[in-house]
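Heads up, the thing below is written out as structure tokens.
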Amino acid sequence: MTSTARSIREDAPPAPATAAPAFDAAKAQAFAGRMLGAINDAAFVLMTSVGHRTGLFAALAGISPCTAAALAAHTGLAERYVREWLAVMVTARAVTYAPDDTTYHLPAEHAAFLTAGGPVNIAISTQFLGVVAGVEDEIVARFTDGKGTHYHHYGRFHAVMAEVSDEAVVSKLVDHILPLVPEMTGRLESGIDVIDAGCGAGKALLELARRFPRSRFTGFDLCPDAFAGTQDTARAEGITNLAFRAADLSGLDHFGACDLAFAFDAVHDQRDPARMLRAVRASLRPAGAFLMVDIGGSSHLERNLDHPVGSHLYMMSCMHCTPVSLGQGGPGLGAMWGVELAERMLGEAGFGKVAISRLPHDIVNAYFVARP
């Protein structure tokens, strides 16, 4: 350092301390209000799950307005619990209450999103809160040791995923999802080989096996208990073109030659997602297609700020998807790995063309059609 530079540095006045920003009382109060609202909303979500599982919403939609005693009698449930549940629904503004005759009413506009037959039964997805809340202690410990969890920690997870899949995938599969690969309906009618990587309960394949008896369907999943019920159903119905295989998908290099491959919300929580995608690519015949359905968020946090269920998806990622992958020794991509990373990984796996679509019934997922 030159003497001139040293002199300038020594003679310079100290930099002024940065003033702390003034405490914004209004901002603090608004956030406190938001937190109280969040506590109430969490209570509403948990009780919505209870209402779905006990059949209370479906019953109330059918007989309301009614008293708590009438609803309890109609459902065969304990009136004291029904009355307390109704109080949550009323204070959450999901159900209206008439104090003069103590009757409760579920508006048709609300029932449309809480029971079967509407545009989408959101009550099904509220069950995830109870499922992941049961592993809170495990996740708190994982924050310290950085390890992962395993599927057996999650109790009803497979059952809830099967319900969600029924709503978002199985019921829309033939009329809305398959047309994303225009030629495949005709080919399924003629007879082709189809795999589902990470099939879960396997109900999508069961639906297709029923519809397209000339085609052959194989589902692969790490957990045999996930598809056991569907396997039994297929046997009972005498369906012979459907098979299931318990396998670590990240340990396979080939699923067997196929013309159509599916993966429904299954890639991001694998032990080795890149290897799984390469195995799918290696399995596809030249005219085949891979239809991958996965979370449709962005790989960039700042682009997910206005996602309609962004906080929920990141919560599920932190409580389930990321730790399940880490528990297998995987990279922990997380549910919000994003369409940008998904498209890049498909390219790296050897897919030459990827088309990404969104469907009106599904605000959560993106639909990728990848071809060799």
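A few remarks follow.
- Normalised by the number of residues in region 318-372, the average gap of Cα pairs under 8 Å and 6 or more apart makes the relative contact order 24 percent.
- Rg to Rh, two decimals, where region 19-131 supplies the alpha carbon set and Rh follows Kirkwood: 1.12
- Net charge of the neighbourhood of GLY198, taken over other residues with C-beta under 14 Å away and scored Lys/Arg +1, Asp/Glu -1, is -3.
- Surface analysis of region 133-181 yields an accessible area of 53 Å² per residue, using protein heavy atoms and a 1.4 Å probe.
- Neighbourhood charge, 12 Å Cβ-Cβ cut-off, centred on VAL324 and excluding it, Lys, Arg +1 and Asp, Glu -1: +1
- GNM result for the chain, Cα springs below 10 Å: residue of PRO331, PRO107, PRO21 fluctuating most strongly: PRO21
- Apportionment of accessible area to carbon and sulfur, the chain, percent (1.4 Å): 57 percent
- Adding -39500 (n - 2.57) for every DSSP H run of four residues or longer, then dividing by how many residues the chain holds, sets the calculated 222 nm ellipticity at -13000 deg cm²/dmol.
- Averaging 1/r over each pair of different alpha-carbon atoms in the chain and inverting the result gives 23.5 Å, the Kirkwood hydrodynamic radius.
- Principal axes of region 193-264: Cα extent on each, largest first, Å: 32, 27, 18
- FRET E, pair SER299, ALA69, Förster distance 35 Å, beta-carbon r, rounded to 0.05: 0.10
- Modelled spin labels at ALA236 and ALA355, positioned 7 Å past Cα toward Cβ, are 3.9 nm from each other.
- Taking a straight line from the alpha carbon of LYS203, these lysines sit under 27 Å away, with near neighbours fewer than eight places off in the same chain left out: LYS172.
- For region 117-249, the Stokes-Einstein estimate of translational diffusion at 20 °C and a viscosity of 1.002 mPa s comes to 130 µm²/s, using the Kirkwood hydrodynamic radius over alpha-carbon pairs.
- Whether region 283-372 is rounded, prolate or oblate, judged on the alpha carbon gyration tensor where a/c under 1.5 counts as rounded: oblate
- Rounded FRET efficiency, nearest 0.05, which uses the C-beta distance separating ALA243 from ALA38 and R0 of 35 Å: 0.15
- Residue among ARG34, ARG187, ARG210 with the largest mean-square fluctuation in a Gaussian network model of the chain, springs linking Cα atoms under 10 Å: ARG34
- Label-point separation in nm, ALA257 to ASP145, each point 7 Å along Cα→Cβ: 4.7 nm
- Taking every alpha-carbon pair under 8 Å whose residues sit at least 6 apart, region 188-341 reaches a relative contact order of 21 percent.
- For THR103, net neighbour charge (Lys/Arg +1, Asp/Glu -1) across residues whose Cβ lies under 15 Å away: -2
- Packing around the peptides 241-247, 47-53, taken as the average count of other Cβ atoms within 10 Å per residue, puts them in this order, highest first: 47-53, 241-247.
- Two-site label geometry, LYS27 and THR102: point separation in nm, points 7 Å out along Cα→Cβ: 4.9 nm
The values are calculated or read from the model by the stated rules, or taken from the named source; none is laboratory data. These numbers come from a predicted model, not from an experiment. Positions of Cβ are backbone-derived with ideal geometry, glycine not excepted, and every protein chain shown enters the neighbour counts. The area values use the complete protein model at the heavy-atom level, side chains included, leaving out ligands, DNA and RNA. Shrake-Rupley method; radii C 1.70, N 1.55, O 1.52, S 1.80 Å.
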